[in-house]
Each structure stands twice: as C-alpha cells, then as structure tokens.
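Just so it is clear, none of the values below were taken in a lab; they were calculated from the coordinates. Everything quoted here is computed from the prediction, not taken from an experiment. No Cβ is skipped: glycine too gets one built from the backbone with ideal geometry, and neighbour counts run over all protein chains shown.
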Number of protein chains: 2
Amino acid sequence: MRIAIAQLNFHIGNFDGNVRKMLDAVAEAKAAGADLICFSELATCGYPPRDFLEFDDFIVQAEGAIAQLAAAAQDIAIVVGSPSRNPVIEGKDLYNSAYFLADGAIQQVQHKTLLPTYDIFDEYRYFEPASEFKVVEYRGKKIALTVCEDIWNIGNENPLYTICPMDELQPQGPDFILNLSASPFAHDQAEQRIHVVRANVERYGIPMFYVNHAGAQTELIFDGGSLVLSPDGKLYDELPYFEEALRCYDLDEVMAGGRERPQDKHKMRLIHDAIVLGVRDYFGKLGFSRAIVGLSGGIDSAVTTVLAARALGPENVRVILMPSQFSSEHSIADARDLAENLGIAYDLIPIADIYGAFMDKLSPIFPARPFDDAEDNVQARRRGVILLALSNKFGHILLNTSNKSEMAVGYGTLYGDMCGGLSVIGDVYKTEVFELARYINKDGEVIPENTIVKPPSAELRPDQKDSDSLPDYTILDEVLFQYIEKRQGPKELIEMGFEEALVRRILRLVNINEFKRHQTAPVIRVSPKAFGMGRRMPIVGKYLS
Amino acid sequence: MRIAIAQLNFHIGNFDGNVRKMLDAVAEAKAAGADLICFSELATCGYPPRDFLEFDDFIVQAEGAIAQLAAAAQDIAIVVGSPSRNPVIEGKDLYNSAYFLADGAIQQVQHKTLLPTYDIFDEYRYFEPASEFKVVEYRGKKIALTVCEDIWNIGNENPLYTICPMDELQPQGPDFILNLSASPFAHDQAEQRIHVVRANVERYGIPMFYVNHAGAQTELIFDGGSLVLSPDGKLYDELPYFEEALRCYDLDEVMAGGRERPQDKHKMRLIHDAIVLGVRDYFGKLGFSRAIVGLSGGIDSAVTTVLAARALGPENVRVILMPSQFSSEHSIADARDLAENLGIAYDLIPIADIYGAFMDKLSPIFPARPFDDAEDNVQARRRGVILLALSNKFGHILLNTSNKSEMAVGYGTLYGDMCGGLSVIGDVYKTEVFELARYINKDGEVIPENTIVKPPSAELRPDQKDSDSLPDYTILDEVLFQYIEKRQGPKELIEMGFEEALVRRILRLVNINEFKRHQTAPVIRVSPKAFGMGRRMPIVGKYLS
C-alpha cells in the first residue's frame, strides 16, 4: 500500500480554495500511485474556525466540500478533517471529524475524542467528544483514524483526559495509525510532537503517519513538519517546516524501519521562519501585500523590519524615520543603514513641531506639573498618527514592533508604539530579540552592529535608557518567563532566589497592564504561552497587583 | 429553618476583601436568626477568575479563604462557592465547588457538573465535572447543592449536556435546592432565569433559593436578582438588581407559597442600570474615580457621558469639546448644553491647526489623491491624542463612546474615536441608543432634544451624514441583530426579505472589521451576544468577506 500525506496551507472559511488545493494534491498523489491520501484536521474549513462553527451556513459549506472531495475519491481513498453534525439531540451540535472517503462516497467518519480546551484551544466550546471507535478497513489493511490531541494522552504524568482513543482502537488490530493534526508552533513543539508520536508507535507497535497543517492563521503558526514513524520508533521521515509538502510512502518500507532523518531545530531558526510565515500569511490571507514600519534605530523595529522584508520582499516594506528632539544622531544613522542594507525605501519625517502643536493646546490646561507619561505618550502617539495616515493612504498594514518583555510590563504607549495590525515580535522576550538579531546577521551584517550593542532606549526624554525604569532585561526576562510560561507564583520565584521586592514589582506590572494587552494587535505565537487568545486574564482583578 | 441568601459584589483575586464581606454577612445573618447562609459561585476568588486559576498560589489563597470561613461557621452553616482540587491524577486539576461549612469545619463539598463552555464561558478550560451527587443533611433537612448551570439542563429542546444533576440528587429526597450562581446579565436573562428556576421547582416539587453574584467584572455585569421560588412555582421573592442584598427566609413560609412579587424589567431600565454598575465597578475595582469623555454633540457621546455621570458622580466626569473646521455650530451648542444639564466641567479645545501640523508633514509624501480615509482618520486620531494626554496627566480613564452598530461595520477609527479603557455602549445598537436617550430623558431633558433628533454625523467632512456611507440604521440594526445575536446566515437573511446585495455588504463589513474589534476596549455586555470574549472570530478568515 502506498500512502500519501499532504501538509497544505488552508485558509479559514475559504472552502473553494481549500477544496481546490486538496483536489490538486489528490491528482498528484494518484499520479504517484498512492492508494490513500491524508490531509490535516478541519482541512475543509481551515483551523481554527472559531465561532464561524456556530453558523449553519458554514457547516453546510463544509458538507459541500466533503461532497466534492468524496466525488473525487475514485481509485484513491481520501482522509480529510471536517466538522460533522451530531445527530443526537443532547450534547454539542458538532463533532470534529476525520472523514474516510472512497469509491466516490463517505465510507466512515471517526470523531475526535480528546478536545483540547486550554491555552489557545477552545474545542469543547464547539464539539462533542467521540464515544465510538472503529478502525477503517481498506484494501486489506486496518487503519486507526485519530485526530490531533487523540494521540496525546499517553505517558503523561498528569493526563488531562480519562480516556485514550488508541487503547479503544487497539483491540481491533489496526495496521497503522493516521493522525490528522492542526498543531500550532511553539519553539519546543516539534520535539514534543516527535516524542509523542514515538511513544504511540512504541506502545502499539505499528507505524504512524502524522499530518499537520502548514500555514499561519493570524497569531497561530501551523508549522507542518509532518511525521512518519516506523514501528521500531525511528523517524522514517519528517516533512519540511513552514511550507506545504506532499510525500508518498510505501507502507512495507515504513514497516521495515531502520531509517532516521531528523531536521535541524535550532530555536532561533524556528522562531525566525515561523514569524516570516506568520507575516506572509497574515498579509496574503487578508489580501494585502505591503507593510509599513516606524524605524527608530533600535533593535525591535530593526528585527521587525528584517522579518517583514523577508516575508513580503524588500520592495513591499516601507519604513519611516521620525526623529524628534530627543533622538540621537546614531539612531537616524542606524535606521538609515538598516534600510540601505535591506534595500528598502525610507522617508525621514522630523516630527518635533507636531509635538509643539499638541502642547500649544494642552499647556493651558495642563497644570504646572513636571514632564511625565502624558508628554511621553503624546510623542509616541504622534508617531502612530503619521504611520497610520500613510498606511491608510497607501494601503499598507502597519506592523507593531513591541517585544514580549515590554508588552508584559506595559512599557509601551497604547495607541502609540503599540499601534499596528500585527505584533511581529510580541512573543519574543527582549533578550531573545538580541539572539534573533544575531541569527539574522549570521551570514553578514544586515542589522547594524551599533543597533545591537547600544543600550536600549525609547528616546522620549534626553539620555533616556530602558534601564532607568526597568530591571536589567536578563533578570526581568527570567522572572517573566517563570511567571508567564511556567505559572510560578511569588513564593516560588522568591524561593528561586529572586529578590522579593523585585518579584512583587514585576508581577504587579504584568497584572496592572492587562488593559493594554487587551487592546494590542494579535501577537504571532512562538512560545508555549503567548499573550493573546492563549492567556486569558481578568482586567479588573486584584491579584498580585 | 431560617435560610439567608446574600448577593454580594466580589472582586476577582481580592481574597481578603471578599472574605471580609462574607464574614460581615455571616454576622448579619446570625443576628437575624439564620440557620444557614448561602453565597454565590466562586465567591472566595470572584467570578470569572480566568487563567488566574492556573496559578497554584491562587488556589492556595482560595483554600485559605475557605479555612477562614469554616472557622466562622459556628451556630450557622455557610454555603459558599470556591475552587477545589481534583485529587485524581487524570482529568482537569480543579473543580468548581459548593462548600458546606458548619461546626467550624468543611462538612461536604459538592462539585459543579455542567460546565458552560460557550459564549463568554470557559469553564471546561479549568474544571473537571462532578461525578458524585450527595445531598447535605443539616438540622433535620436534606439540601441539594447545585452550582449555576447545574439547574439549566431541564426542559431544553436542544440540551447541551447529557446529564442532569438534580435528577441524580432527587432520589435522596432533598427538602430544598440551593443554587450558587454567577449568572451574567443580558437584557433578557432575568426572565429566563425565573423560567428555569420555576421549571426546576415544578419538576422536583421543592423550593429553590437561587443566589446570584451582584457586581461587574470588566465586561460582565452580574446583576443579582437572586430568587426564592416556592414549590407551587410562585416567585416568593426576587432580590434587587444591580446591588448587594441579604435577606432571610423562614423555610416553612416559603414552602407554603402563594406569594408572587415580580419586579419591573423594562429593557431600557435594565440596560441603563447595568451600564451604570459596569462603569462604577470598572473604576472602583481598578482604583480610579474619574472619567474623561470627548463630547461631540452627537448622541453616542451624550449617552455615554450621562451614564458615566450617574455611575461616578458629575464631579468625576470631565468632557472635552474639540470642534474642527467641519464641526457644526449646533454640535458645540448641544455638547455645551449637555455638560450644563449634568453640571459637569468641560473644556473647549479647537483642534483644526493640529490637523494642519500633521498635514504639513504628510502632504509632501501623499500623492495628489482625493481626501479619503487617511485624512478622516488623522482628524479622529488627533482627538484621541488630546483626550489621552489629559487622561494621562490627570489620572482619568478615557471612556469609549462607540455603539454596537458602528463597531459591527467598522464605522470608527482605530486609535481615534475607538480609543478608551472601557466601551460603555458598545453592546447597544444605534437604534437602541436612541431608546436609551429617551429613557434617560423620561423625567425631564438631560440630553438636548436636538442631539436626539438631528441626523447622525461623524463630522469629518463638510455636511457628512452617517447615512451617506451606511444603510439606514433601522435596517442595518435588524440585519446585524439577526446575524450577530441569532447567527442567521446570508440565505436565511435573504429569505427574511432583506435585499441580497445589502445583506452581503453588511456581512462583509462585519467580517472584514474583525481586526478593529480585536483592538477595542472591553465592551460592557448587555445583550446575549456582545463583541468581545463571548464572540470569537478569526481575523484572517475568508468567509462572507
């Protein structure tokens, strides 16, 4: 038996486009002699469809897509993820299903059992879990169909679920496992996936074909990297990351095993490539091609600009330099050097007198108080207005340049430097932004060395430095990581050796700035715990604040 | 037996404050001779605690709160909602529980069974459902403890769950039902609650004491209105809406029934009072007292200002009038009249020349293109910068004045008039804003008549009217209501008689503007389907767009 797996880039709700892609892949697989082709989870409608699932019309369209694919299942079987209706009155109205299509018809439907409802996942919001388990018999083989999370409940110390779908299917003697996934990227996720797939293969003694979605949906990057594991636990094949691919395998050869082909998974390489895909798909799927960025000469806007240029092409990125009275000479020079290194167009717009126009209005009302956040923020917001006006006039999308550390502690101006349609590095801590800059420069200087080595500054006041108001980034980022990613509380952090006052101050900053993050652009997720849909916090809470 | 119920205003994560409130209520109930006092769902930690539940420290604090309350349970039983740990390794780590405290100790813990995971609810994200059901025996009575949703699975045509907790408890012969709720307000929710409580009472033939939370948590208003129903199905008592209350009942009298005391539930009254509580608690719980609003002379900012003045006191609301070259004379007069009617301070800041300062910079870069959204948005954003500068300088919170209709179709400027810490009327359609204005004026003119009767206009261009670019609000709002609240698709809307092109245009506007709503302030929820946490849509979707 020859089995094809296709990791494709689907678009949520674009049923026609998604079906067309799959029909092309079916034709290619047939030409390669495949008996069966497997696509990823909810491939017809794209993942995650979120509350579109509540519209009957959306489900009707998904059913139409399945009908088209079923008609094309001639001399080949098609395995594809799509929502299906729960015919029982009680319970949720839908299942998250794997359809087995052959001989021009739906032959069997296996529903997903384990419905992730944590972090970015909301599946129990929509779906009823499966209660029946039946292998598919096809051309003399028995196939265990599983959907994403269904294979993740083994070998955990603290399992989230009380059932294991493969344990239910195992007594029926399956020859191999198909897994249809939409597994979002985090920099450590690829290794975990291999670990989990291997644990299944070793436990059940049969090979697995694991098919992931490859494409970005706003904040979520589905990184492909589909897997084929042999019964000996070896990684028979690993599809490329961050791009579409179709490959065909002879089942007997996979059964024989003995082959191992792991890919390089250097953290910064993965983060870099994930963000490039995230930016490219955000623009492509919204029908935009051009980005605008405010370039300050600092490292955040520099890294953002490079990633945008790599995603969209340098000809599609426009940068604006907006020096004020507090901007240093080197900032302008560094920004200009970067634009020239990348070969992108830039405009220089000195903006000191716009600040003056605002202060003319505000000074009579402002009391004789010292310069404070109010003035700082006017400076940041005036830049936002300029960038947004250009983006409106020319049809650019403004990219947000905030990093995760400053988003965490609220070191950014809402409606100022926090503007933008997409947060490019909002899940990258400041210390990681430096690593990413070094990675970008690995084959030669793209980001000016001075941008990387100079002390970070918002340049809203004379000689201002981030370290004037924030702890050293090395310590800040470690505390943030333990609090945000690892959910450590104040007691645990203090036990780790961090100073109590510092811990209380940082946690308080994180919590009182929830209102700012609530109004931020979607953040491309590259860590296991990003700001946004995967981290849901009360705004008016009175906890560690 | 005398039973006290207390609907209190808890603050998420403020364990000390919440326990103090409950201890005061316990003392009051004891003084009134109560045998038992019942509080609402997750009363110790506040509802909804969201991802704070993932922090062990948070659960430790909840356990500490229970220990304090247990110690106070002397000569009275205390029934209180709090998270508890799931001792079984498999499944979610927590339960959403009702604790029965008496004789200084935890006597029994009944977990919630039905975990709402739809709209604004995410309970299955955190909690494992109950699998054991046991009535509490206390002073010769058997008590069925239920938590919120547990009583909502009866009499539904399309039940969400496959189990009914009261059916499990019924065979143990309970004498009455206690229900601990945190049921958020929507304008039709109070009637539904009475209907559901009555259906339970009639089915099981025993009285119910239904205790709701009373207070606002950012976007969610918990409206109190706790209920006592007698076995004859009559509404024995209904506690006040939108405020704290404690009442004590003789069980025999409740059993006797025959008494019915429903309250007025006029839609606009409920919406008005809900928003006033929402604004008051947002400020109070964040530790702010003063609001700032940009007053245009139009109806949205007028209604927002009145609601803010009623929530915070007129002395705590500051309004800014910012006429531009396109503002009409009557706009300034209407805004000024409103400020004077309310007795609030206002400043007049003409801003035409700030626009000029921006255009001086932008004109050399803008090509010779007609005036478009770019210029409109500079106008709106310059107002935002002024309001935010004042709010930063004086410690106000800026209130957002967008209504639901314009949020739906994206008729608002991101980072301009869409700025603000809280969206006050973002769940009120434009046609309802007019109704609300009439309700506000019911005892005399507060909002100038001219503000209500003149045609709506953003006043960003000469003689601009909303009707130049939007359908008539009567039609627009009906289509939006059917699409948003009723989840009707294009086919159903066209079948209802709406013109196809109009339907397609409106649905497209709703869907392509998801990116704007993603960055909006939290919206006070007054309808069954508000923008925000209860409506989760993809941004890069390609569906009806």
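Helices of chain A meeting both criteria, an alpha-carbon length of 27 angstrom or more along the long axis and an average Kyte-Doolittle score not below 0.5, with helices taken as full DSSP H segments, do not occur. Counting every alpha-carbon pair across region A:276-466, the share separated by more than 29 Å comes to 18%. Applying 1/(1 + (r/R0)^6) with r as the Cβ-Cβ distance of A:ALA67 and B:MET496 and R0 = 35 angstrom yields a FRET efficiency of 0.85.
Counting only lysines at least 8 places from A:LYS21 when in the same chain, those with an alpha carbon closer than 19 Å to its own are A:LYS30, A:LYS285, B:LYS542. Straightening the chain between A:GLU435 and A:ARG261 buys 59.9 nm, computed as 0.36 nm per residue apart minus the Cα-Cα spacing. For the protein assembly as shown, the spherically averaged projection of the C-alpha convex hull amounts to 42.7 nm². When the alpha carbon gyration tensor of region B:182-237 is reduced to an equivalent ellipsoid, its three semi-axes come out at 23, 10, 8 angstrom, largest first. Our estimate of slack between B:ASP24 and B:GLN74, defined as 0.36 nm per intervening residue step minus the Cα-Cα distance, is 16.6 nm.
Sorted shortest first, the separations between the A:LYS142 label point and its copies elsewhere in the assembly read 4.8 nm; each point sits 7 Å from Cα along the Cα-to-Cβ line. On a per residue basis, the convex hull of the C-alpha atoms belonging to region A:59-218 measures out at 134 Å³. Mean sequence separation of contacting Cα pairs (under 8 Å, at least six apart), scaled by the length of region B:59-98, corresponds to a relative contact order of 34 percent. Here's the list of aspartates and glutamates a cross-link from A:LYS454 could span, going by alpha-carbon distance under 18 Å and ignoring same-chain residues fewer than 8 apart: A:ASP300, A:GLU329, A:ASP334, A:ASP337, A:GLU406, A:GLU432, A:GLU435, A:GLU445, A:ASP463, A:ASP466, A:ASP468, A:ASP472.
The label point for B:ILE475 and the one for B:ASP232, both projected 7 Å from the Cα toward the Cβ, are 5.3 nm apart.
For B:ALA245 and A:THR162, a Förster radius of 41 Å and the Cβ-Cβ distance give a FRET efficiency of 0.50, rounded to the nearest 0.05. Averaging the sequence gap over all C-alpha pairs within less than 8 Å and six or more residues apart, then dividing by the number of residues, gives chain B a relative contact order of 11 percent.
The relative contact order of region B:270-466, computed from alpha carbon pairs under 8 Å that lie at least 6 residues apart in sequence, is 25 percent.
Around the Cα centre of the protein assembly as shown, unit charges on the Cβ atoms of Lys, Arg, Asp and Glu (plus for the first two, minus for the last two) sum to a dipole of about 800 debye. Listed by chain and number, the aspartates and glutamates placed with their C-alpha closer than 17 angstrom to that of B:LYS141 are B:ASP35, B:ASP75, B:ASP103, B:ASP175, B:ASP250, B:ASP252, B:GLU253; residues fewer than eight positions away on the same chain are left out.
Net charge dipole, chain A: roughly 640 debye, given to the nearest 20, about the Cα centre with Cβ charges of +1 for Lys and Arg and -1 for Asp and Glu.
Between this copy and the others, label points of A:VAL60 are 5.6 nm apart in ascending order, each placed 7 angstrom from Cα in the Cβ direction.
When the C-alpha to C-alpha distance is required to be over 27 Å, the pairs from A:LYS486/A:LYS516; A:LYS92/A:LYS516; A:LYS267/A:LYS404; A:LYS404/B:LYS516; A:LYS430/A:LYS486; A:LYS142/A:LYS234 that qualify are A:LYS92/A:LYS516.
Spacing of the modelled spin labels on B:ASN316 and B:GLU445, each 7 Å from Cα toward Cβ, amounts to 2.9 nm. The helix-based estimate of mean residue ellipticity at 222 nm for the protein assembly as shown, built from -39,500 (n - 2.57) per DSSP H run of four or more residues and divided by its residue count, is -11000 deg cm²/dmol to the nearest 500. What separates the B:PRO240 label point from its copies, with the point 7 Å along Cα to Cβ, is 6.8 nm, written shortest first. Computed over region B:267-333, the quotient of the alpha carbon radius of gyration and 2.2 N^0.38 Å is 1.24. Could you run the Debye sum over the Cα atoms of chain A, one equal point scatterer each and no solvent, and tell me log10 of I(q)/I(0) at q = 0.13 Å⁻¹, two decimals? So the normalised log intensities are -1.26.
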